[in-house]
Amino acid sequence: MFKPRTPYLYLILPAVFMVGFFFLPLLMAFNISLSDYSRDIYHPAFVGWANYAKLAHSEPFWQAMQNTFVFLFGVVPAMVVLPIFLALLVNGKLKGITLFRSLIYIPVVISMVVVGIAWRWLYADDGLINWFLSLFHLPKVGWLVNPDIALYSVMIVVVWKGLAYYMMMYLAHLQSISQELYEAAEIDGANLWRKHWHVTLPHLRPTMVMVGIISTIGSLKVFTEIYVMTRGGPVGATKTLVYYIYERAFENLDLGIASAAGIVLMLILLVFSMLEMRLSPKDDDAKALEKLKRAETPLLPGKNGVA
Amino acid sequence: MKKALQYVVLILLVLAAIAPFLWLLSTALKGPSENIFAYPPQFIPQHPTLDNFTAVWNKVPMLWFFINSIVVTLLTIFFNITLSVLAAYPLARMRFKGQGAIFFSILATMMIPFQVLMIPLYLICLKLNLTDNAGALNGWLGLVLPFAVSGFGIFFVRQALVTLPKELEESAVLDGCNSLQILWHVLLPLIRPTLATLAVFAFMATWGEFLWPSIILSEPSHFTLPVGLVQLQSAFSSDWKLIAAGTLLSMLPVLVFFFTLQRYFVTGATSGAVKG
């Protein structure tokens with residue numbers, strides 16, 4: 001139908017950007033990770049795997065790794081479980097429910113920097129949260145200044161900001177569960193709890209896996225929330241892997257070590273991305289996508305793909 | 001009765017979602033004589049004033065933060081849509097040698113975290129003079145070009161194009177259309193909602209981005225809103241009335257955008273999640 005070179009003409013411009021801003025930098029990142037920049041940033045020396053060896057023996061690096069995984073193991077279960085309850089709550093056919101959903105969604109659309117600042121103000125020593133505790137005669141908590149607590153305080157904010165995002169994902173799948181299943185369960189005499197346990201939960205399981213993996217990947221990359229609220233402090237208690245990379249690269253200008261840590265991050269992420277592909281519910285997704293397509297292009301009801 | 005209870009629960013949830021912002025608002029509206037650390041806290045300002053908003057507007061280049069953020073976001077959306085469509089069109093609607101390999105390598109870029117690329121990208125941008133040390137325009141381009149194309153964007157548009165029936169092109173070719181005319185007049189009008197969703201994605205990813213702008217930018221008048229806000233926070237470390245006022249101002253465009261284009265935000269969330 002078209003000339004043989006036509007497809008390539010369309011691809012030229014995107015390819016230039018892809019090569020220039022993805023593939024070339026990726027190769028450079030490997031290369032940088034094998035060089036020593038710490039002596040002279042303008043004349044890096046090739047040192048082989050030395051940066052990786054240094055990382056393996058670096059106290060701050062392992063501290064950052066540990067913080068990252070504490071963060072992950074706290075945030076991910078919360079992100080998988082809590083939004084299910086939210087989704088059930090906003091699933092009703094109440095009047096004005098769409099408005100409620102949108103309002104609950106606000107923390108998702110507001111940028112992390114704004115959210116971080118708002119919560120720093122809530123967490124202040126004489127702030128609203130400590131005042132609230134004082135109503136119950138509880139002592140003040142050093143939310144962002146106590147090294148034993150700061151990381152958990154940041155985790156609370158991240159969960160608070162992300163809940164509604166996953167709520168919407170669950171909601172989309174909740175609404176695809178056939179009403180007949182619930183009716184059948186009712187006829188069998190199931191109460192509300194048992195209905196959800198036996199009908200809702202099995203249907204949401206694939207979504208739970210997706211949410212778990214997406215929030216794992218997000219947790220491994222956490223940075224801005226830390227930078228805004230604690231700058232990695234107090235005494236490094238909230239330094240995560242990406243924070244470590246940022247600090248090494250742009251504050252200490254030790255690009256070699258920073259790149260090596262970046263490659264380590266990429267490998268960890270790769271494992272989880274593979275898991276995502278392996279576990280993602282193929283036909284469920286296809287169905288959901290199909291539904292979406294129909295909703296989006298009402299001009300073409302039910303046309304088949306021509307791939 | 002049951003309905004009333006449901007509304008109570010919903011209202012509590014909404015409060016939990018917006019309370020931190022309402023508290024910022026209360027702080028920003030308080031007059032100079034009011035103690036923002038008062039115990040018990042004063043929720044409704046006693047001498048409400050807008051002075052804090054004008055003060056922060058005059059003390060930092062807020063207007064420039066807005067202009068920079070808007071320009072960078074619009075440019076990123078424009079590049080993203082254009083390049084995604086250009087790449088997705090042949091991948092979805094034509095057959096050619098190397099198609100599978102090209103599509104696979106595009107998908108593979110979705111696996112590379114930005115945090116690995118940022119160091120070499122910084123070196124590239126220094127080489128190409130794409131930092132704001134070389135001027136505002138260079139700074140803008142340095143913020144936009146690395147995010148101009150995205151593997152996800154190409155994938156997303158391809159998925160939409162692939163579902164359209166083949167007959168569309170066949171009849172257009174009989175009418176004497178070339179490939180570009182088919183794309184522009186026949187295919188793109190049919191996937192407008194997909195492009196809108198992609199625009200929302202690009203907006204969300206760019207508007208709130210902090211990491212990359214904080215690396216590339218150094219001159220305050222070239223800052224985007226997130227970088228400006230972080231600087232505001234350290235510049236007025238204890239003046240929470242000003243910090244709150246500046247932070248609230250920065251929220252306005254997002255809220256307007258969100259409430260006008262809501263349905264695309266939600267399609268975004270349900271179509272399979274693609275953050276950072």
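The values are calculated or read from the model by the stated rules, or taken from the named source; none is laboratory data. Being a predicted model, the structure only gives us computed values, none of them experimental. Virtual Cβ from ideal backbone geometry, glycine too; neighbours counted across all protein chains shown.
Values as computed for the structure displayed
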item: Any chance residue B:188 is within 23 Å of residue A:12 (Cα to Cα), in contact (Cβ under 8 Å) with a residue 60 or more places away in the chain and surrounded by 18 or more Cβ atoms within 10 Å (Cβ to Cβ); result: no
item: Every residue from the stretch B:218-233 that is of a type in the set (S, T, N, Q) and within 11 Å of another protein chain (Cβ to nearest Cβ); result: B:224, B:231, B:233
item: Breaking point among (1) more than 7 Å from chain B (Cβ to nearest Cβ); (2) more than 30 Å from residue B:172 (Cα to Cα); (3) among the hydrophobic types (A, V, I, L, M, F, W, C); (4) in contact with a Leu (Cβ under 9 Å, 6 or more places away or on another chain), for residue A:45; result: (4)
item: Any hit, the stretch A:177-192, residues being farther than 30 Å from residue A:71 by Cβ, under 32 Å from the mean Cα position of the chain (by Cα) and among the β-branched types (Val, Ile, Thr); result: yes
item: Which listed residue is within 21 Å of residue A:93 (Cα to Cα) and at pLDDT 85 or above, from A:230, A:216, A:200, A:224; result: A:200
item: Qualifying residue in the stretch A:100-108 (condition: within 14 Å of chain B (Cβ to nearest Cβ), surrounded by 13 or more Cβ atoms within 10 Å (Cβ to Cβ), under 30 Å from residue B:245 (Cα atoms) and of a type in the set (S, T, N, Q)); result: yes
item: The stretch B:75-92 residues that are more than 9 Å from chain A (Cβ to nearest Cβ), paired with ones that are of a type in the set (Phe, Trp, Tyr) and part of a helix (DSSP H, G or I) (beta carbon under 7 Å, 6 or more apart); result: B:75/B:140; B:76/B:147; B:77/B:203
item: Among residues of the stretch A:110-150, those that are part of a helix (DSSP H, G or I) and buried (at least 22 other Cβ atoms within 10 Å of the Cβ), counted; result: 9
item: Close pairs (8 angstrom Cβ cut-off, 6 or more residues apart or separate chains): facing another protein chain (nearest Cβ under 9 Å) and touching a residue at least 24 places away in the same chain (Cβ under 8 Å) in the stretch A:14-41, in a loop (DSSP other than H, G, I, E, B) and surrounded by 17 or more Cβ atoms within 10 Å (Cβ to Cβ) anywhere; result: A:32/A:44
item: Scope the stretch A:71-88; condition closer than 18 Å to residue A:169 by Cβ and either surrounded by 18 or more Cβ atoms within 10 Å (Cβ to Cβ) or among the polar types (S, T, N, Q) (or both); matching residues; result: A:75, A:76, A:78, A:79, A:80, A:83, A:84, A:86, A:87
item: Residues within the stretch B:100-156 that are assigned to a loop (DSSP other than H, G, I, E, B), within 12 Å of chain A (Cβ to nearest Cβ) and hydroxyl-bearing (Ser, Thr, Tyr), tallied; result: 1
item: Counted residues, the stretch A:60-109 - those being assigned to a loop (DSSP other than H, G, I, E, B) and in contact (Cβ under 8 Å) with a residue 24 or more places away in the chain; result: 2
item: Breaking point among (1) more than 30 Å from residue A:248 (Cβ to Cβ); (2) surrounded by fewer than 16 Cβ atoms within 10 Å (Cβ to Cβ); (3) not β-branched (Val, Ile, Thr), for residue B:34; result: (2)
item: Pairs, first under 20 Å from residue B:50 (Cα atoms) in the stretch B:13-37, second of a type in the set (D, E, K, R) and buried (at least 20 other Cβ atoms within 10 Å of the Cβ), C-beta under 8 Å, six or more apart; result: B:27/B:241; B:28/B:241; B:30/B:241; B:36/B:30; B:36/B:241
item: Count - residues of the stretch A:237-260 that are assigned to a helix (DSSP H, G or I) and more than 13 Å from residue A:68 (Cα to Cα); result: 11
item: Qualifying residue in the stretch B:197-217 (condition: assigned to a helix (DSSP H, G or I), within 9 Å of another protein chain (Cβ to nearest Cβ) and more than 29 Å from residue A:223 (Cα to Cα)); result: no
item: Residue list for the stretch B:251-266, restricted to those being exposed (fewer than 15 other Cβ atoms within 10 Å of the Cβ) and facing chain A (nearest Cβ under 8 Å); result: B:255, B:259
item: Residue that is closer than 28 Å to residue B:230 by Cα, within 19 Å of the chain's Cα centre (by Cα) and within 12 Å of chain B (Cβ to nearest Cβ), where the choices are A:115, A:75; result: A:115
item: Residues of the stretch B:234-250 classified as at the interface with chain A (Cβ under 10 Å from one of its Cβ atoms) and buried (at least 20 other Cβ atoms within 10 Å of the Cβ), total; result: 7
item: Single unsatisfied condition, residue B:165 versus (1) more than 8 Å from chain A (Cβ to nearest Cβ); (2) not charged (D, E, K, R); (3) not in a helix (DSSP H, G or I); result: (1)
